[in-house]
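**Student:** Below are the structure tokens for one structure; questions will follow.
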């Protein structure tokens, strides 16, 4: 009987010591090491790929933002602020009073098939809006000029970047709205265009937040 109690106590003691050691190693030391390595080698990514402007964090290079005018009385959807470059549509999962454009607690694709009437209507409406918004005197935009990323959302619905083609389509409108020469805005887009990763992965893209920060600086200097 005494041996049984002694063995049980010994096993419980060994289990408790193992628990404490493993808790220290996996719950304290390992996270500290991983966090330290991440901060030392990949600080920008570890902290959310933050973008700063005027000394403040204004967003992340990984998540898109909206550039809209304040809601007018009776409006449910705000109008885009056309002095800024606009990003892709944000039609991710989870539409309700909390999950709105670029403010999703859920993200993802719409899961609508290519022949779905709702999706077709969304694309047609988006294309008509892009044509209307970006047509300025001397620069009419045709429906055939509108690239796919201007009227469709990404897999996450929160894509921070657009294609160079969509950015270039917006150049004349942005130039007119901000009183800038078209050539200056075109150069802005060219300077902000990122090539393929490692030269062959993915497609060239333009981060909309970074582009609009550069645009704000350009307008401030004019």
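The values are calculated or read from the model by the stated rules, or taken from the named source; none is laboratory data. Predicted model, so just to flag it, every value in this text is computed and none were measured. For neighbour counting, all protein chains shown are included, and Cβ atoms are generated from backbone atoms with ideal geometry for every residue, glycine included.
**Student:** Report yes if residue 142 is farther than 20 Å from residue 158 by Cα and either modelled with pLDDT under 95 or in the same structural domain as residue 159 (by TED's automatic domain parsing) (or both), otherwise no. Write out each step before concluding.
**Tutor:** Working: farther than 20 Å from residue 158 by Cα: yes; either modelled with pLDDT under 95 or in the same structural domain as residue 159 (by TED's automatic domain parsing) (or both): yes.
The answer is yes for residue 142.
Every residue, every condition in (1) outside any helix (DSSP H, G or I); (2) in contact (Cβ under 8 Å) with a residue 40 or more places away in the chain; (3) closer than 15 Å to residue 89 by Cα, yes or no:
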site	(1), (2), (3)
144	no, no, no
155	yes, yes, yes
159	yes, yes, yes
165	no, no, no
171	no, no, no
175	no, no, no
180	yes, yes, no
186	no, no, no
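**Student:** Among the residues of the stretch 48-81, write down those that are surrounded by 11 or more Cβ atoms within 10 Å (Cβ to Cβ), within 15 Å of residue 216 (Cα to Cα) and free of Cβ contacts under 8 Å to residues at least 60 places away in the same chain.
**Tutor:** Scanning the stretch 48-81 gives a single hit, 81.
**Student:** For residues that are farther than 22 Å from residue 190 by Cα and surrounded by fewer than 20 Cβ atoms within 10 Å (Cβ to Cβ), scanning just the stretch 152-168, find the one that is farthest from the chain's Cα centre (by Cα). Walk me through it before giving the result.
**Tutor:** First, the residues of the stretch 152-168 that are farther than 22 Å from residue 190 by Cα: 152-158.
So of that shortlist, the ones also surrounded by fewer than 20 Cβ atoms within 10 Å (Cβ to Cβ) come out as 152, 155-156.
Values: 152: 14, 155: 11, 156: 9 Å.
Among those that are farther than 22 Å from residue 190 by Cα and surrounded by fewer than 20 Cβ atoms within 10 Å (Cβ to Cβ), it is 152.
**Student:** Name the single residue that is modelled with the lowest pLDDT among those in the stretch 112-139 being surrounded by 12 or more Cβ atoms within 10 Å (Cβ to Cβ) and not in a helix (DSSP H, G or I). Please lay out each step first, then the result.
**Tutor:** Just the residues of the stretch 112-139 that are surrounded by 12 or more Cβ atoms within 10 Å (Cβ to Cβ), to begin with: 112, 116, 119-120, 122-131, 133-136, 139.
In the following step, the residues that additionally are not in a helix (DSSP H, G or I) were identified as 112, 116, 135-136, 139.
Numbers: 112: 81, 116: 88, 135: 96, 136: 95, 139: 94.
Here the answer is 112.
**Student:** When you check residue 74 against the structure, is it assigned by TED's automatic domain parsing to the domain that holds residue 148, under 27 Å from residue 162 (Cβ atoms) and not in a helix (DSSP H, G or I), yes or no?
**Tutor:** Considered against the rule, which asks whether it is assigned by TED's automatic domain parsing to the domain that holds residue 148, under 27 Å from residue 162 (Cβ atoms) and not in a helix (DSSP H, G or I), residue 74 comes out as no.
**Student:** OK, next. May I ask you to verify whether residue 62 is more than 30 Å from residue 163 (Cα to Cα) and out of contact with any helix residue (DSSP H, G or I) (no Cβ under 7 Å at 6 or more places or on another chain)? Even if it seems obvious, please write down each step before you answer.
**Tutor:** Details: more than 30 Å from residue 163 (Cα to Cα): no; out of contact with any helix residue (DSSP H, G or I) (no Cβ under 7 Å at 6 or more places or on another chain): yes.
In short, no.
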